[in-house]
1. At least 1 residues that are buried (at least 23 other Cβ atoms within 10 Å of the Cβ), modelled with pLDDT of 95 or more and in contact with a strand residue (DSSP E or B) (Cβ under 9 Å, 6 or more places away or on another chain) in each: list the strands (runs of 3 or more DSSP E) lying fully within the range 672-714 that qualify.
2. Based on what the data block shows, is Lys373 in contact with a Phe, Trp or Tyr (Cβ under 9 Å, 6 or more places away or on another chain) and in a loop (DSSP other than H, G, I, E, B)?
3. So, in the range 739-776, how many residues would count as being among the hydroxyl-bearing types (Ser, Thr, Tyr), in contact with a helix residue (DSSP H, G or I) (Cβ under 7 Å, 6 or more places away or on another chain) and in a strand (DSSP E or B)?
4. Looking at Phe844 and the list (1) crowded, with 20+ Cβ neighbours inside 10 Å; (2) of a type in the set (Phe, Trp, Tyr); (3) touching a Ser or Thr at 6+ places or on another chain (Cβ under 9 Å), which single condition is not satisfied?
5. Do we find that Phe371 is surrounded by fewer than 17 Cβ atoms within 10 Å (Cβ to Cβ), under 15 Å from Gly314 (Cβ atoms) and modelled with pLDDT of 90 or more in this structure?
6. State the number of residues belonging to the range 306-353 that are among the polar types (S, T, N, Q) and surrounded by fewer than 17 Cβ atoms within 10 Å (Cβ to Cβ).
7. Filter the range 573-594 down to residues that are under 30 Å from Ile688 (Cβ atoms) and assigned to a helix (DSSP H, G or I), then give me how many there are.
8. Search the range 377-428 for residues being in a helix (DSSP H, G or I) and of a type in the set (S, T, N, Q), and hand back the single one that is farthest from Asn825 (Cα to Cα).
Amino acid sequence: MKEIKVSLDTVGYNSKPKDGEIGKISNRIGKGIEHLCSTNIRSFVENVGNKGQTFCPATFHNGSRKKENFEQMPIFVLDIDGGITKNELFERAEKYNTPILFAYETFSSVNKNRFRVGFLNDVSISDIRAAEILQNALMTIFPEADKSSKDISKMYFGGHNSLLHFDFSIPEINIESVVRNLSLYLRDKHGPTHYKREIAKFAKSNKIKLNKNNLLDVSIVENITKIDGTNIVGKISPISIIVPNIANGEKLPNLNYLINLDEGCTNTFCANEKVLKNHNPFRASVLNDISSKCELFKDFVNGRRWLDHDELFGLATNLVQVESGAKKFFEILVARGYFEYSEEKYSQWNYHLNYFKNNGYKPKSCSLFCFHKDLCVHTSNILSTVKPKYHAMERIANFEENFVSIDEVQKDLEQRMEMAVKADSYTIDIIKAQTAIGKSTTFIKLMKKYPNIKFLIAASSNDLKRELLDRAIYEGVEIKSSPSLHELDLPDDVMEKIDNYYNTGRHRLVKPYIKKLIKHNDPRCSEKLANYLSELEEFNNSRCNAVTTHKKIMYMGEEQREKYDVVIIDEDIILKSFIPEQSTIPVYEFNKVLRKIPPNSQLAKKIKVALNAAESESKFPLFELPSIEWDDDEEGMSKTVDMPSFCEAKRFGYLKNTGENNLSEVGRSNDEIVFFKPVNFKSDVKTIIVSATVDETVCKYFFGEDKVNFYECKKARYSGSLNQYHNKSMSRACIKKGPAVFDKIEKLTNVKETITFKKFLGSVKCTHELYFGKTEGRNCYEGQDINVVGTPHQPEWIYKLFAYTLGPDFDVDSELKHNLPVVHNGYKFRFSTYEDEVLRNIQFWMIESDLEQAVGRARLLRHPCRVNLFSNFPLSQAVMMEAEY
């Protein structure tokens, strides 16, 4: 039970107090506040029933026992002076689910003909009108109670060794259950034809509205955020009362009892009024989902555990939302013999099921009643768990994230990196750490702390490489940077030729071409290129710390890499540098090559087998071919595609172009052979990868499960806010259908700067031209409000080819399914994804990485700014919002 408080006199009596004593008790009882909980409520009942102490079930402001000073009331008492025996009253209480906490004889009782009973409410009621409604409802169910019990400020004398009953289970009533059973009692007493007239009388005298079924408009409401005109914790309102159950704890829903009032007293009963019945919100087929996914329902069906009343009630409020659900519930109730001792109980449950159904009861939250609530992955209720609605984002009820201070997170990162640096093994240490937690600062601290260790740090871009270099030099670290041709501002024709060499796998031709330009003293670039070669040689021969890029380190030779003691890779090198290295070779290019090389050569044989994959019935055939040596003599036969990488690669996909433009203008097939370019990434040097978006499972696929140590740093709560609008997919196709969406989003958020897909940059304001895939490491929006718009899906073939290349078992025929219910980041929602777990994990990793990097540009961790995310993929720490845009 929750802690409660009542008014209790300190003086005990052996007989009924006289007039003079009564006045003294009345004056002091309001000041005698007794705090009760499950450990001392028995003592309180003993003091009243056996030691003659007077009590009042309410407490009062200023310690004065007056109705106008009413503060709150947790216990409700009926004074019985005859007309019903104790056993008869207890039987009625059990029949109408109003369990009695205690009972004792009064001083004037003879043979137990006078006694008092106390009911413990599940929450202390602080609204005087709600307290009076509950008291009057109990007095209607038990009309034998003395009329003086109606006064909620009444004090009750105790008894002398007269305690008749105390229920050690400490049962509770609640206002919804009492009102519902009041209706049942009136139906049993006055018959199904006339009982609603009696309900109307009760409604009128207590100023409660009637609902569309002419029943009292009292209901359970969970997680109220705003109800106009309602009264919370005793504030005056003529429209409705909310009795909040505020002690549920942070993880549980905020349970409230809503009483709609009718201050005009206009309630009338209309026997001929027709109530339109709507269809149940869920089809009967949902029962199959409940049967397979809900552990409590399995208990109920199989009889493996006996459900108590609260569990039956909660289960029933969910099942009545389903077509034939109420019927199914009742059939199981009977089949399992829940009330074999009382046929009347079945009739009552049948009434309650119809009551729930006809009065719009909402499904009760699993967290409030279910035995399995702490083990089951569930959302707010059974139905949202097994059948989440379209565009809904249902929070997993028992999901929690633990947050610590930013300083503690930064310290955790530093300690983990230092442990990795000191480790003896050559495993790859993967450290997942939040964006803006201070990775670069930590790298520099390590280089300064360990001057005898030579670090090689790989950044994801040249810009970030230069930024890290400048910071390290400023801090006094001896460090060199690998030069890049892309930083030299070379003439377009020169850069295009160099890029062509790299893109077609002819890396060995780059240096001779550079030397040729220098030799011919090209005035546009010879000096820059000469300096480049000088810097490259200096970098290759240096023995100090160094900073380079992902791409450089992926193709760096073993001898060059082994100069360093520790390699630190900043950001997810798999996502940022391996996946973009996709090679797509059109089929017509292969046909060109076949016409130029000997038909029996290894290359010709490999090409022919690859082209035969087109005959597969699979939508995207995947196949494996052996690696072969590239013949340098064949170098001149293709200057537009990367044939050397094709020779070295082992796993491929055949991408069939089935669109309307399947043939080019000259009749060539647009089909392509696709593969990821092989990389030489060996763990011959101690390697540490630090990223906010790196995924443990993907890393183990890529590097080998036995070579990876994965650690996720502690997390800090954002200083700013991440507001996520999730009711549209915001895929490229979704945005393309309504390009004006950007203007509407800007108007909704009053924020202009936007990160979205590259193809839509012309439709938004993006001062720094950031887009999905090009955001990591940029601080240009630090501390600013920004919008992030889009869900960055990749083409399906990338997910499958990546999985196939890495080698885990997966269903190659798995298709993308729309609106598939999934769970991620503490939410259950519908998403276009795969049933195959491997493919889904890869897809989610890619999407989440792009979104997290985009959101991270505002540096929410350290700045109280705002990011508005428009996507149906949930991110950690996002506050889910709903709006039309």
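The values are calculated or read from the model by the stated rules, or taken from the named source; none is laboratory data. Bear in mind the structure is a predicted one, so any value in this text is a computation, not a measurement. When we count neighbours, we look across all protein chains shown, and the Cβ atoms used for this are built from the backbone with ideal geometry, even at glycine.
1. Counting at least 1 such residues, we get 672-676, 686-691.
2. For Lys373, the condition - in contact with a Phe, Trp or Tyr (Cβ under 9 Å, 6 or more places away or on another chain) and in a loop (DSSP other than H, G, I, E, B) - is not met.
3. 2
4. (1)
5. Yes: the conditions hold for Phe371.
6. Adding up the residues that qualify gives 4.
7. Going through the range 573-594 one residue at a time, the tally reaches 6.
8. That would be Gln415.
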